[in-house]
1. Which value, in nm² and rounded to one decimal, describes the direction-averaged projected area of the C-alpha convex hull of the range B:77-211?
2. Counting each DSSP H run of 4 or more residues in the protein assembly as shown as -39500 (n - 2.57), what helix-only mean residue ellipticity at 222 nm follows after dividing by all residues, to the nearest 500 deg cm²/dmol?
3. Using a basic spin-label model with each label point 7 Å from the Cα along Cα→Cβ, how many nm lie between residue A:74 and residue B:215?
4. May I ask you to sort B:131, B:81 by Cβ crowding, counting other Cβ atoms within 10 Å and putting the fewest first?
5. Can you give the FRET efficiency to the nearest 0.05 for residue B:133 and residue B:77, using r as the Cβ-Cβ distance and R₀ = 22 Å?
6. Any chance you could list the semi-axes, whole Å, largest first, of the equivalent ellipsoid that the Cα gyration tensor gives for the range B:1-93, using √(5λ)?
7. How far is helix B:18-40 tilted off the main Cα axis of chain B, in degrees rounded to 10, range 0 to 90?
8. Per the Debye formula with a single identical scatterer at each Cα and no solvent contribution, what log10 I(q)/I(0) holds for the range A:65-106 at q = 0.14, 0.19 Å⁻¹?
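Laboratory data are not the source of any read-out in this text; all were calculated from the coordinates shown. Here the structure is a predicted model, which means the values were calculated and not measured. Using ideal geometry, Cβ is built from the backbone for each residue, glycine included, and neighbour counts are taken over all protein chains shown.
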């Protein structure tokens with residue numbers, strides 16, 4: 001049986017893709033998802049709940065924070081947080097602020113309980129805020 | 001000039017018959033080059049495979065799809081203004097978007113955009129000039145847009161299935177380039193082949209694009225988020 005040249009080239013392409021793909025993609029197990037760290041350092045009644053957020057793996061760190069409802073929250077984005085991640089939003093709680101420097105705090109009072117997503121204004125970095 | 005005839009001509013002896021062969025040669029050159037570089041140098045780069053391997057692999061696949069189309073267009077050289085615009089736009093856009101995306105995923109938005117725009121505009125003008133100033137204009141604009149969009153998409157998807165999106169983007173680009181080749185086939189049925197780039201052309205451009213991408217991705221500058 002005679003095999004066409006084109007068929008051989010096609011098979012060659014497949015073989016290269018499979019071998020190179022196995023070699024190059026096989027160990028690509030670096031995860032960009034952050035460790036879920038619960039920041040449950042909750043202040044007492046009436047006090048401001050201070051939360052410090054940094055950046056790790058191109059995302060907010062910690063990516064999960066826990067706060068109490070009806071008590072003011074002060075979020076500080078440290079100087080590792082750069083670019084559009086500084087435009088911090090919690091859509092469901094009506095929070096949206098561009099904190100140019102760590103001195104500019106994001107202050108709000110969550111008035112409803114639940115789990116809400118926080119993110120940068122473009123949705124590139126994100127995490128969860130649990131209001132209890 | 002049906003689609004069936006086109007697929008049949010892929011195994012013929014004319015310019016169309018060189019498409020599959022060109023993909024094979026380009027891919028082989030890139031993989032061999034990467035293998036050699038890996039053996040002597042890149043294996044000492046920290047986290048080379050997890051960090052860069054996947055995107056380099058996709059970039060090599062991307063180049064092995066772009067180069068055959070460039071070679072195919074150059075085989076006929078003369079097209080109508082309308083076809084020239086389409087050629088300049090398609091080559092410019094894909095050649096800008098794919099490198100922009102892959103460099104954007106490892107080096108950040110600014111450097112991804114710069115890299116994508118340089119490759120996209122260069123190839124867009126080179127191919128679009130077959131048909132006058134309109135093709136050149138379209139190649140320039142598409143390369144400019146593609147480079148910016150590729151890098152921007154990669155950075156915005158960083159925490160949202162970046163790798164899966166890369167595969168989808170590559171698959172769609174392959175489909176578009178296949179469509180371009182079919183269009184060129186339809187436009188050139190009555191025309192005679194004007195130019196014949198040898199295998200050296202494919203080897204040279206695969207080599208250059210792969211080396212430039214590897215050097216830029218691993219040793220090149222990066223945006224603040226990626227340092």
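1. For the Cα atoms of the range B:77-211, the hull's average projected area reads 8.1 nm².
2. Using -39500 (n - 2.57) per qualifying helix, the result is -18500 deg cm²/dmol.
3. Using points 7 Å along Cα→Cβ, the separation is 5.2 nm.
4. B:81, B:131
5. Numbers: r = 16 Å, r/R0 = 0.72.
E between residue B:133 and residue B:77, to the nearest 0.05, is 0.85.
6. Equivalent-ellipsoid dimensions as semi-axes: 33, 16, 11 Å.
7. 20
8. Debye output, listed in q order: -0.33, -0.59.
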